[in-house]
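The values are calculated or read from the model by the stated rules, or taken from the named source; none is laboratory data. Since this is a predicted model, take the numbers as computed values, not measurements. Cβ: placed from backbone, ideal geometry, glycine included. Neighbour counts: every protein chain shown.
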Amino acid sequence: MRATRIGAAAGLVLILVTVFSSVEAASGPGAGQAGSDLDRRVRTFLDAHAGRWRDMNISEADGRILHDIIVENGYTQALEIGTSTGRSGIWIAWALSKTGGKLITVEIDPGRHREAVANFREAGLDEFIDARLADAHELVPVLAGPFDFVFCDADKGWYKNYFEAVLPKLTVGGCFTAHNVSPRMRRGGWGAGSFVEHVLSLPFMETTFAEGSRAGISISTKRPAK
């Protein structure tokens, strides 16, 4: 009888592990996801373009980090500063297609803007993206917001200015993410050093740095003021 109970318990554990593994595979943004026609279309697009991204686009690993932040927090009001040709915007918009949100993305270069818009359309995500051809120095301060997710990947020396322009429109619980930064920059450094030093000094911003990003991504979450 005891051996039978142990065997039954082991079998139950195996079933639970199998079910959990299946759910985990189905929920991620990778090749195992087959949740909808849109998911398959986006995955097909990303696989087909995997080795073709230029113009300072982010890596796939960094795209996954942004995607997961949005999905895990249920963010719906996103802003991207620096579209390039759209790789990061595709990962962000893919996540927003699951949360019911929309992305405003800003690019100053007409050629990169056109290519990004074409990529968004081909990936099937254009309905989730408002792509603006504009100078972010001028546009970001006048955007109404609110935003609960911001990704900054533009001119590094302006990161602090972008952050200060967005901060009043960033919701409590929302986050400001920035690319090509690391905690080493808190003592200065190329481009974004003043931004890192500033954001780390703010008591109402909780800042961490994403593990698994070779380029470096800061994640600064806005907390209630005390």
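Would you call Ala95 part of a loop (DSSP other than H, G, I, E, B) and either modelled with pLDDT under 95 or under 13 Å from the mean Cα position of the chain (by Cα) (or both)?
So Ala95 does not fit the description; no.
So, in segment 44-75, of the ones that are of a type in the set (Lys, Arg) and more than 16 Å from the chain's Cα centre (by Cα), which residue ends up nearest to Asp148 (Cα to Cα)? Give the derivation first.
Here is the first cut: in segment 44-75, the residues of a type in the set (Lys, Arg) are 52, 54, 64.
Retained after the next criterion (residues that are more than 16 Å from the chain's Cα centre (by Cα)): 52, 54.
On the way: Arg52: 31, Arg54: 28 Å.
Top of the filtered list is Arg54.
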*Output the helices (runs of 4 or more DSSP H) that fall wholly within segment 130-214 and possess 1 or more residues being modelled with pLDDT of 95 or more, or say none.*
136-139, 159-166
*Please tell me if Ala144 is more than 25 Å from Asp37 (Cα to Cα), crowded, with 24+ Cβ neighbours inside 10 Å and either in contact with a strand residue (DSSP E or B) (Cβ under 8 Å, 6 or more places away or on another chain) or in contact (Cβ under 8 Å) with a residue 24 or more places away in the chain (or both).*
no
*Which one is surrounded by the most Cβ atoms within 10 Å (Cβ to Cβ) among residues in segment 168-183 that are free of Cβ contacts under 8 Å to residues at least 40 places away in the same chain and under 16 Å from Gly145 (Cβ atoms)?*
Lys169
*Please list, ordered by first then second residue, the pairs with beta carbon atoms under 9 Å, 6 or more apart or interchain, first in segment 112-127 and more than 18 Å from Ser36 (Cβ to Cβ), second part of a helix (DSSP H, G or I) and not β-branched (Val, Ile, Thr).*
Ala116/Arg87; Ala116/Gly89; Val117/Asp126; Asn119/Phe45; Asn119/Arg87; Asn119/Gly89
